[in-house]
1. By how many nm would the segment from ASP53 to LYS10 lengthen if fully extended, with 0.36 nm per residue of separation less the alpha-carbon distance?
2. Just grab the label-to-label distance for SER92 and SER75, each label 7 Å out from Cα along the Cβ direction, in nm (one decimal).
3. Rounded to the nearest whole Å³, what is the per residue volume of the convex hull around the Cα atoms of the chain?
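What follows draws every value from the coordinates through simple rules; no lab data is involved. Source: prediction; values computed, not measured. Cβ sites come from the backbone with ideal geometry, for glycine too, and all protein chains shown count toward neighbours.
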Amino acid sequence: MKNPVPARTKFYILMYSLAAIFAIIGLLVNIKTVPLNENMQKLLIKTRALQEDNQALQLHLLQETRLDKIESIASRNLQMVPEHNVKYIHISSHESH
C-alpha cells in the first residue's frame, strides 16, 4: 500500500509552485518593461536636446528682430532710409452735418 502524502507536504509543494509561478511572471513583466524604460530614457534625452535647440532658436529670433538690426538690413539690403522729420496730422473722426 502507498503512503499518502501528508497535507503539510502538499501545502509546501503548492507554496513553492506558486512562488515559482510568481517569480516567472515577474521576470516576464521585467523583460517587457526594460525596453520600454530604455526607450523612454532615449526620448527624454531627445526632448531635452530639442528644448535646448528651441531656446537657441528663440534667442536667435530675438537677436534678429531687434529694431537696430531691422533698420540696418532695411538700409543696407533694401536701400531704405530712415525718416527723421515725420509730421502727423490729426484727422477727427466726427462728421460735421
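1. On the way: separation 43, 0.36 × 43 = 15.48 nm, distance 6.42 nm.
Residue separation times 0.36 nm, minus the Cα-Cα distance, leaves 9.1 nm.
2. It works out to 4.0 nm between the two label points.
3. Values: hull volume 30.5 nm³, N = 97.
About 314 Å³ per residue, rounded to a whole number.
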